[in-house]
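The values are calculated or read from the model by the stated rules, or taken from the named source; none is laboratory data. Treat the numbers as computed from the prediction; the structure is a model and nothing was measured. All Cβ positions, even for glycine, are placed from backbone atoms using ideal geometry, and neighbour counts span all protein chains on display.
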Amino acid sequence: MRLVEIKKYILIITIVVLSLFLIGCGGSSGSTASTTETASPETAGGSAIKPKNSVVPRPFTSDERTPVFFTDALKQKEPILIAFYNSEDSVSKEVLAEIKIVSDKYGQSATFLILKPDDNEETSRLAEQLDVGFTPYISVLNRDGTIIFEKTGYIDSKVIEQAVYDAVNK
């Protein structure tokens, strides 16, 4: 009887650990979540810049730190997809390929900015303003400059396309 109880406890512990693992990994790849999933560089497949946990939608507040190229893009009153990536990271490379699929379809209707967060002082400031936590990072802003979508780590082109579609058509 004692052996049966031990096996039950092991089974329960295994189920709890697996459940926590699945919950921690997000578990949802096809929906646009209202909060950004935060992951470590190891689980996100990216490189750390600093921790983040932001709620969307939220307005992007431009100030004296905002790079001119980004304020110019905001003035166009067209949706913006901004992506930060690490050129040495395989997940970033995969996400860039997914973004390319979407930009080929929506390039005339939205602005696509693909940046390295540590490329220069301007991109570093913009990454700080957007509170970029890890790369790859994607944010979609609507025509009013509101961040309506934000995600770090791997993201499928269908999810990116839905976010851009929402920004273009609303």
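Hey, among the residues in segment 83-136 that are out of contact with any helix residue (DSSP H, G or I) (no Cβ under 7 Å at 6 or more places or on another chain) and hydroxyl-bearing (Ser, Thr, Tyr), which one's nearest to residue 169 (Cα to Cα)? Checking each candidate, the answer is 103.
For segment 12-128, the helices (runs of 4 or more DSSP H) that sit wholly inside it and include 1 or more residues that are surrounded by 13 or more Cβ atoms within 10 Å (Cβ to Cβ) and at pLDDT 60 or above are 68-75, 90-106. Considering only residues in segment 62-86 that are polar (S, T, N, Q) and in contact (Cβ under 8 Å) with a residue 24 or more places away in the chain, the one that is nearest to residue 136 (Cα to Cα) turns out to be 86. Residue check, residue 100 against (1) more than 21 Å from residue 59 (Cα to Cα); (2) in contact (Cβ under 8 Å) with a residue 12 or more places away in the chain; (3) over 14 Å from the mean Cα position of the chain (by Cα), all met but one. Which one? Of everything listed in (1) more than 21 Å from residue 59 (Cα to Cα); (2) in contact (Cβ under 8 Å) with a residue 12 or more places away in the chain; (3) over 14 Å from the mean Cα position of the chain (by Cα), residue 100 misses just condition (2).
Residues in segment 130-170 that are over 24 Å from residue 71 (Cβ atoms) and aromatic (Phe, Trp, Tyr): 134, 154, 165.
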